[in-house]
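Contents: one structure, followed by commentary.
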């Protein structure tokens, strides 16, 4: 937490919280059956960090994703009667290309995941697609934990 300053928090919250809220607001305007829309689904992107806290690595990031969990649950209840389902995926560590400090952290994280590896972007996308599909038509206010058992 020592390296966290106000400017960093503002950037993080602008993307993770403000951006998500504004996108959800616009989606609700267009999807709401009460406003002439056809209903639909919203899938937020959270993180397992929201529940795990990310001590020593990113409490501020975990906190921002906790806000996404609250947005998902609250908005799901708020707009359910308007034909809109709201859910989230919460991945743990996902594979991508890292350099420097991130590469070091990436190597340290794999052992913490019971499946023994990072998730793949395609796996997370499959969870999103399922939540958007008719197969998930009775699912709202859920946070799909996609953390390899973490």
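The values are calculated or read from the model by the stated rules, or taken from the named source; none is laboratory data. A quick note: this is a predicted structure, and the numbers were derived from the prediction, not measured. Glycine gets a Cβ as well: all are built from the backbone with ideal geometry, and neighbour counts include every protein chain shown.
If you scan segment 73-94, which residues turn out to be part of a helix (DSSP H, G or I) and under 21 Å from residue 38 (Cβ atoms)? Steps first, please.
Keep residues of segment 73-94 that are part of a helix (DSSP H, G or I), which gives 73-82.
Within segment 73-94, 75, 76, 77, 78, 79, 80, 81, 82 meet the criteria.
If the condition is being in contact with a helix residue (DSSP H, G or I) (Cβ under 9 Å, 6 or more places away or on another chain), assigned to a loop (DSSP other than H, G, I, E, B) and within 25 Å of residue 9 (Cβ to Cβ), then segment 31-59 contributes 46, 47, 48, 53, 54, 55, 57, 58.
Okay, residues lined up against (1) more than 25 Å from residue 72 (Cα to Cα); (2) modelled with pLDDT under 95; (3) crowded, with 18+ Cβ neighbours inside 10 Å:
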residue: 90; (1), (2), (3): no, no, yes
residue: 96; (1), (2), (3): yes, yes, no
residue: 128; (1), (2), (3): no, no, yes
residue: 134; (1), (2), (3): no, no, no
residue: 139; (1), (2), (3): no, no, no
residue: 144; (1), (2), (3): no, no, yes
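Taking residue 83 as the residue in question, decide whether it is under 14 Å from residue 42 (Cβ atoms), at pLDDT 80 or above and either over 17 Å from the mean Cα position of the chain (by Cα) or exposed (fewer than 14 other Cβ atoms within 10 Å of the Cβ) (or both). In short, yes.
The C-beta contact set for segment 109-138 (first residue in a loop (DSSP other than H, G, I, E, B), second residue modelled with pLDDT of 95 or more, distance under 9 angstrom, 6+ apart or interchain) comprises 133/41; 137/41; 137/85; 138/85. Taken over segment 40-76, the residue count meeting the criterion of being closer than 15 Å to residue 3 by Cβ and surrounded by 22 or more Cβ atoms within 10 Å (Cβ to Cβ) is 0. Reported count of residues in segment 1-29, each being farther than 21 Å from residue 130 by Cα and in a helix (DSSP H, G or I), is 19.
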